[in-house]
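Notes for the one structure printed next.
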Amino acid sequence: MINKALLKQILSDNRREIESYHVVPRDIAVEGFNCYVFVGVRRAGKSFVLYEKMQRLLREGHSWDDMLYLSFEDERLMGFTSEDFNTVLECHIEMTGNENPMLFLDEIHNIEGWEKFARRMADGKRTVWITGSNAKMLSKEIMTTLGGRYIPIEVYPYSFKEFLRSRDIPCDDHTLLSTTGKSLFLREYAEYMNWGGLPESVHLAVKRGYLSSVYQKIYLGDICARNKINNTNLLRLMVKKLAESVKQPLSYSRICNILSSVGGKITIPTTSSYIEYCEDAWLLLRLHNINAAFAERETNSKYYFIDNGLLSLLLVDPSTTLLENIVAVSLFRKYGNDKDNERIFFYNQNVEVDFYIPEEELAIQVSYSIKNSDNTENREVMALQKLPKSLSCKRRMIITYDEEKTIEDKYGIIEVIPCWKWLMW
């Protein structure tokens, strides 16, 4: 059993630390329910979602007597087991006299059996906010144990609007009309495009070192160590190949053949498992072909990276790849990444359309520029003209780096829009 004196010290230390943090408000709707599970990639800012809530409660008149916060990445909690959760509650009662605090439990997936405690707290009508980096927190087994008592919330790296907010960059119409304001805005846009939105990176002058350390922690810790992968070189080569192929569908067999030719023999089941491990760690997001049969849909997908900064580390010529990746992540942020209730697809039959959202009947092509090449514009437009023959399209658009116009055809309007403007909607 963990030492009570140590636990009380940790609880007290956490209070002072949380009050000292500068927290950027996130665009995450979390009102109207008591129990949430926040999941996402390491360093996406899940902890700060909890900090924001606790700071708001303090401003509204609550005290630390009403709240209990614990991070299970604190090295002082080494050896903590599910049996120690009750000890934490006892410590809080002894410190404050409050038997029913709101619970904020950070990176709780590190504790085996956490879900049974979480369900018991929810059954007791407590307010419980918990975070974790591993997508397996939302596996069918765990969600069955939680019994629908928790609402899962996906936390992504900063959106472009959150990125601008964190850097105090104005983006109103007046600012964008001025030469200086527009230039500053576009500089920030390029920064976000190239280096992503992991919250702790946005104020660093040189970001590569920090991003590399985060990637290594995800790669070595959340993927290799957790899944006991011995051949880390094959996994490294696979992730590299997926980064180079962000814009293209890639089948298990194709990946397997490439890896076998450069890194040693690997089977299709192992390749499939490696990809699943990367998805579990929230490094990869998978997109299916809406027009494919079941087997092809599951085995021949497009893959995107959770953050442009992490993707940049793996690319030599990143510009067009980063543009499509940032559109993909923004769509996943808006519509969700639920494997059982897919809402974002690509279309590939005779022509390829980068993204299709059935509930909006929205089709999107991504092209860095269509200005200087008739072939590029014709290719992107042709795909959007053929798609309505197969799928209903209420809205069609081409997202570019910084070009804007409209194109009319017999199906209506195709909007050509700069990515920065689309990200601000």
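Structure data summary
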quantity: Label of the coordinate-derived value, mean projected area of the Cα convex hull in nm², listed as (i) 23.0; (ii) 39.1; (iii) 21.9; calculated: (i)
quantity: Listed pairs Lys240/Lys389; Lys53/Lys207; Lys241/Lys371; Lys161/Lys371; Lys46/Lys247 exceeding 32 Å between Cα atoms; calculated: Lys240/Lys389
quantity: Loop GluC sites (Glu not before Pro), region 325-384 (other Cβ atoms within 10 Å of the site Cβ: 14 or fewer; DSSP); calculated: Glu361
quantity: Förster radius 60 Å - calculated FRET efficiency between Thr267 and Ser178 (Cβ-Cβ, nearest 0.05); calculated: 0.55
quantity: Gyration tensor (alpha-carbon) shape descriptor, region 303-420, a/c threshold 1.5; calculated: oblate
quantity: 15 Å beta-carbon shell around Glu19, net charge (K/R +1, D/E -1); calculated: -1
quantity: Counting DSSP beta bridges with both ends in the chain, the antiparallel % (nearest 5); calculated: 40
quantity: Extended-chain gain in nm, criterion 0.36 nm per residue less alpha-carbon gap, Asn86 and Lys116; calculated: 9.6 nm
quantity: Simple spin-label estimate for Tyr411 and Lys125 in nanometres, 7 Å along Cα-Cβ; calculated: 5.4
quantity: Environment charge of Asp280, counting only residues whose C-beta is closer than 9 Å and scoring Lys/Arg +1, Asp/Glu -1; calculated: -1
quantity: Sum of -39500 (n - 2.57) over DSSP H runs of 4+, divided by residues of the chain (222 nm, nearest 500); calculated: -13000 deg cm²/dmol
quantity: More than 25 Å apart - percent of Cα-Cα pairs taken over region 158-315; calculated: 41
quantity: 17 Å Cα-Cα reach of Lys116 towards aspartates and glutamates, excluding residues that sit fewer than 8 places from it in its own chain; calculated: Glu83, Asp84, Asp106, Glu107, Glu141
quantity: Among Leu7, Tyr21, Val37 the positive-end extreme of the charge dipole of region 7-50 (Cβ point charges); calculated: Leu7
quantity: Where labels lie 7 Å past Cα in the beta-carbon direction, separation of Leu6 and Asn98 in nm; calculated: 2.6
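Computed from the coordinates by the stated procedures, all read-outs in this text should not be read as laboratory data. Source: prediction; values computed, not measured. Glycine also receives a Cβ, built like all others from the backbone with ideal geometry; neighbour counts cover every protein chain displayed.
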